[in-house]
Number of protein chains: 2
Amino acid sequence: MRPFKSLISDEEAFNIIMENIRAINEIEELSIDLADRRILAEDVKAPYDVPSFNRSAMDGYAVRSGDTPEADTPFRVVGEIFAGMSKEIKVNENECVKIATGASLPDSCDAVIMVEDTEAVEGEKDKVRISKPVQPFENVSRVGEDIKKGETVLERGTLLDPSKIGALAALGMQRINVLRKPRIAIISTGNELLPLGKDLEGSRIYNINTYTLSALVERNFCEPVAYDIVEDREEELKKALDSAMDNDMIVFSGGSSVGERDLLVDILGKAVLFHGIKIKPGKPTMFALYKDKPVLCLPGFPTSCLMNGYLFLVPAIRKMAGAPERERRIVRARMAQSIKLSRGRKKNVTVRLEGEHAYSVYKESSTITSLAGATGFITVDANRGLVEKGEEVEVELFSW
Amino acid sequence: MRPFKSLISDEEAFNIIMENIRAINEIEELSIDLADRRILAEDVKAPYDVPSFNRSAMDGYAVRSGDTPEADTPFRVVGEIFAGMSKEIKVNENECVKIATGASLPDSCDAVIMVEDTEAVEGEKDKVRISKPVQPFENVSRVGEDIKKGETVLERGTLLDPSKIGALAALGMQRINVLRKPRIAIISTGNELLPLGKDLEGSRIYNINTYTLSALVERNFCEPVAYDIVEDREEELKKALDSAMDNDMIVFSGGSSVGERDLLVDILGKAVLFHGIKIKPGKPTMFALYKDKPVLCLPGFPTSCLMNGYLFLVPAIRKMAGAPERERRIVRARMAQSIKLSRGRKKNVTVRLEGEHAYSVYKESSTITSLAGATGFITVDANRGLVEKGEEVEVELFSW
C-alpha cells in the first residue's frame, strides 16, 4: 500500500483542472426546436426588421393622426384590414380603415385609434366618431421596433432559453449553429461492482457511479458516454483508457486510492498532475493530462464520487461546453444538532434544510444516502472538529 | 368587435386554472439512465441492506477489536482480502487480515485498523505492529448502514436527480416506474403567421409561440406536441381543437382577443371559464374546460404569450405532471431609470439586472426582445403609472 505523494488543497486542485481544460469550440447545426439549453456558436444578426411593417398594436381604426384633433368629427370607414392581409388602401382626410391587432397599417396612415375610443354614428353604418385625438404612431409597432435589421440579437456563447429561442424564431431561423456538446466518458472500475439488474451476491455492490455521473454530466451541458464496468487489472484498465480516447474527457471512478490494486496511478504515470486532495469526502481524486486528454479519477465511494463530481467535474465540463458557470446559491441556517468531525482535512458535510434548520445527513463517504437526502452542504475548516447545535452556518444548495 | 365580458384578476384566473387541472397519475416504466428529472410513481422500498455485508471503509488490517488495547503487540497477518472478493478467513487472537477499502470483513473480525496506524515488524514479513487500539466497528460500514432492508428510500412523487438516481442504483434497480409526462398540444393560430424558413413577405410575421411554448413545456416536465399553424377560420380551428383532444391539455396562442376573427371564444362557447385577465401584458387570455379537457388560449403577441405561459401554463402543467411547484426567486434591486406605465391593469414589467440596478427592457407585448433580454420582471399595481428612478423594486427572476 502506497501513500499519497502529497495532498493538495481543493483550491489548488480546482485550479490545476481548470487550467488544463479547453472549450470545445466545435459547431453543430440543429433545428431550433432542439436548441433549448444549447450554447449559441455564433453571433446572430437580424436579416430583417421585426416587425417588417408598421403594425397595429390594437383592434381599432387606422387614421392619419393629423386628422384627429377635432374630436367628434365622424370618420368614413373606407376598408378593413386583418392580420396577415397584404392590402393597400388609400386613406384621405377624415377617412379611416378598420384594422385588427397585428395587421399592417396602410401607408397613408400613421396611427391607430383603439376601438374603445370610438363610437358608432347613428344611421350611418360606414362612419365612426372618434372620442380622442392620437399622436403619430400611437398604437402602432413601427418597423424595426422589436429588432432592427443588422442588429446583433444574440451573441455567441449565449445559453438558449425559451425567450431567446423566441428571438431566433422572430427572425425566421429554422436551424442554427450551436456548440457541440463535449462527450464525457464515464468508466466505473472495481472487481466488487455488479451491473444493475443482476442478483446481489457475496461481497459485491451495485455500480452506482456510472448513473450518478451520467445524470450530472447530462445536466451540465455535456453528453455522457457510459462504458461497461472495468475490473481492477492493469491491462483491462489500460484498454478501457485507450478505447475512451475518442471522447473529450475521461472520468474514472475508483482505482485512484492508495490500495495495491489502485492501478490507475501507475497507468497514468507521468501524466498525473495531482493525486489526492485535502478534503473529506473525496481525498482519493486524481487528475491527469494523458496524451493531451483530461482524465479525472474520482473516488469509488458513491458520495465522495458524486460530491467531487459536483465540485470539480461540473466546472470543468461546463468550461469545455462553453456554458455559464454553475450558479452557487448559499443560504444561512442554524444547525439543529451538533456534529463531530475529524480534523485534518476540510470537510463538506451534507445537510437537509427544514425551514431555518440544518440537519446533518452525512453518514460515510461510502453511502449514497448522504447525498440523496441532502439539500446542500456546509464546509467546515480542516482544524475544526465540531459544529455546534444552534451555530449559524452557510449552506450551499445543490444546483445539480 | 366584441368587448371582453368581464376581466378577472390574475389571482382569480390562476385559481380557476389550478382548480381544473388534475395530475395525470399514469405510470411509465423506464431505464434509470433515462430517469433524471422524472417523477417517481411509487415508493421505493429497499429489497436489501446496503451494504449487504460489513465493509471495510479503509485500507488496513481487519482485527478483533478486543485484541487491540495492548499497543505494540505484533499481529500475525493471516491473509488478504480485496474488494469484491468472497473469501472467509478465520482470524484468531492477535491475528489480522490485510484488507482493502470496500472489501468484506471476515466474520470473526469487527474492526479495521488503518494502514497509517500500523508499522512493519522488522525481520518478520508476516507481522504488523499496531500503534493504537480500535473500537468495535471502527472503520467499518456495517450491514444496512446506508440503507436498511425494507426502508422506504424514496417516496412517490420524488423528483429524481443525480443523487436520487444513485440511491436507486444502490438497490440494483435497472428500471423504475415514473409518472408519464403530460402531453401538451401547442397550436399557434393566425393568418399572419409564417412558418420558419419561408421567405418573409408582406404583412406576415414568423411563428414564434410554437417554439417558445414548446421549450417552456419541455423544461417543466411535460412533452410538447407542436401542431401546424392554423388559419383564423372557424372550421379550421374546430378541426385543430378536435384533432388535439388526445393530448392532456391544449394550448392555443392567438385567437382569444376581441377581434371579429377571434373565433375561439365562439368555438369553446359555454366551456369557457374565464376570458380576459386584468394584467398587462396578457389580457386576452382565456381558459376553458372543453369536454373535460383543459384548453388555455394565450395571447398571440409573443411576449404576452410567453409571459402568461410562464405565469399560468407552467403551474398548471407542473401540477399535471406531479412535479414540484416552480421555485420563485426574488431579489431586491434599484430602478436605474424611471418607467411610465398605463394605469388600469396590474403590470408585469420585464427588467434586466446589472448588479443592483434594474433596467426596464419592456417595449411592447408584441415584441419578443422584451423577454429575450430580461433577467426577470417587476410587478406594478394597477393604479400606479410610474416607477421612479432609484426606487427599490422586487425582481422575480425567470426560472424557466
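Every number in this text was worked out from the coordinates using simple rules, so none of it is lab data. Keep in mind that what you see is a predicted model, and the values were worked out from it rather than measured. Glycine also receives a Cβ, built like all others from the backbone with ideal geometry; neighbour counts cover every protein chain displayed.
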Length gained if residue B:354 through residue B:34 is fully extended, taking 0.36 nm per residue and subtracting the Cα-Cα distance, is 111.4 nm
With DSSP loop assignment and no more than 14 other C-beta atoms within 10 Å, the trypsin sites (Lys or Arg not before Pro) in the range B:15-89 are B:22, B:87
So, in nm and shortest first, the distances from residue B:151 to its counterparts in the other copies, with label points 7 Å along Cα→Cβ, work out as 5.7
Between residue A:149 and residue B:228, the FRET efficiency computed from the C-beta separation at R0 = 30 Å comes out, to the nearest 0.05, as 0.60
Computed over the range A:203-268, the Cα gyration tensor eigenvalues, each multiplied by 5 and square-rooted, give semi-axes in Å (largest first) of 21, 15, 10
Taking only the alpha-carbon positions of the protein assembly as shown as identical scatterers, the Debye log10 I(q)/I(0) at q = 0.09, 0.10 Å⁻¹ comes out as -0.91, -1.05
Under Stokes-Einstein, the range B:350-395 at 20 °C and 1.002 mPa s, with its Kirkwood radius over C-alpha pairs, diffuses with a coefficient in µm²/s of 191
quick note, chain A, DSSP beta bridge pairs, % antiparallel (nearest 5) is 70
Result row for chain A, helices from DSSP H with C-alpha axial extent 20 Å or more and mean Kyte hydropathy at least 0.5, is none
In cubic angstrom per residue, the convex hull of the range B:1-157 built on its Cα atoms measures 212
When all Cα-Cα pair distances of the range A:324-375 are considered, the percent exceeding 15 Å is 55
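Cα-based Rg of the range B:18-81 per 2.2 N^0.38 Å, rounded to two decimals?
Working: Rg = 24.7 Å, N = 64, 2.2 N^0.38 = 10.7 Å.
Relative to the 2.2 N^0.38 Å estimate, the range B:18-81 comes out at 2.31.
Can you divide the C-alpha Rg of the range A:55-141 by 2.2 N^0.38 Å and report the result to two decimal places?
This ratio for the range A:55-141 stands at 0.94.
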Once the dipole of chain A is set up from charges on Cβ (+1 Lys and Arg, -1 Asp and Glu), the residue from the list A:73, A:362, A:102 lying farthest towards its positive end is A:362
To the nearest 20 debye, the range A:55-141 has a Cα-centred charge dipole, built from +1 on Lys and Arg Cβ and -1 on Asp and Glu Cβ, of 240
Over the range A:165-319, the quotient of the Cα radius of gyration and 2.2 N^0.38 Å is 1.15
If every Lys and Arg gets +1 and every Asp and Glu gets -1 at its Cβ, then about the Cα centre the range B:1-107 yields a dipole, in debye to the nearest 20, of 220
The answer for trypsin sites (Lys or Arg not before Pro) in the range B:185-245 that fall in a DSSP coil and have at most 15 neighbouring Cβ atoms within 10 Å is B:198, B:233
Rounded to 0.05, the calculated FRET efficiency for the beta carbons of residue A:338 and residue B:363 at R₀ = 60 Å is 0.60
Using alpha carbon centers only, the range B:326-400 is separated from the range A:299-321 by a whole-angstrom value of 37
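Under the definition of Cα pairs under 8 Å and six or more residues apart, what whole-number percent is the relative contact order of chain B?
The value is 17 percent.
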Filtered hits (lysines, Cα-Cα < 26 Å from residue A:125, offset >= 8 within chain) -> A:87, A:90, A:98, B:5
Answer in debye to the nearest 20: the dipole magnitude of chain B about its Cα centre, from +1 Lys/Arg and -1 Asp/Glu charges placed on Cβ, is 1940
Net charge (Lys, Arg +1; Asp, Glu -1) of residues whose beta-carbon lies under 13 Å from that of residue B:386, residue B:386 excluded, is +2
Once the dipole of the range A:207-344 is set up from charges on Cβ (+1 Lys and Arg, -1 Asp and Glu), the residue from the list A:281, A:213, A:269 lying farthest towards its positive end is A:281
For residue B:198, counting only aspartates and glutamates whose alpha-carbon sits under 19 Å away and dropping same-chain residues fewer than eight positions off, the answer is A:29, A:33, A:49, B:228, B:231
For the range B:112-249, whose charge dipole is built from +1 on Lys and Arg Cβ atoms and -1 on Asp and Glu Cβ atoms, the candidate among B:189, B:163, B:140 with its Cα farthest towards the positive end is B:140
Between residue B:225 and residues 5 or more places away or on another chain, the pairs with built amide H atoms under 5 Å apart involve B:184, B:185, B:186
Axis carrying A to B; for chain A the Cβ-nearest residue and its rounded Å distance come to A:329, 4
hull vol. (C-alpha, convex hull) per residue for the range A:247-400, Å³ -> 112
Sorting from shortest, the nanometre distances separating the label point of residue A:123 (7 Å past Cα along the line to Cβ) from those of the same residue in the other copies are 13.4
Once residue A:399 and residue A:108 are pulled to full extension, the length gained, defined as 0.36 nm per residue separation minus their Cα-Cα distance, is 99.2 nm
Inter-copy distances for residue B:397, nm, shortest first, label points 7 Å along Cα→Cβ, are 0.8
The correct pair for chain A, radius of gyration to one decimal and Dmax as a whole number, both in Å and from Cα atoms, is 31.9, 104
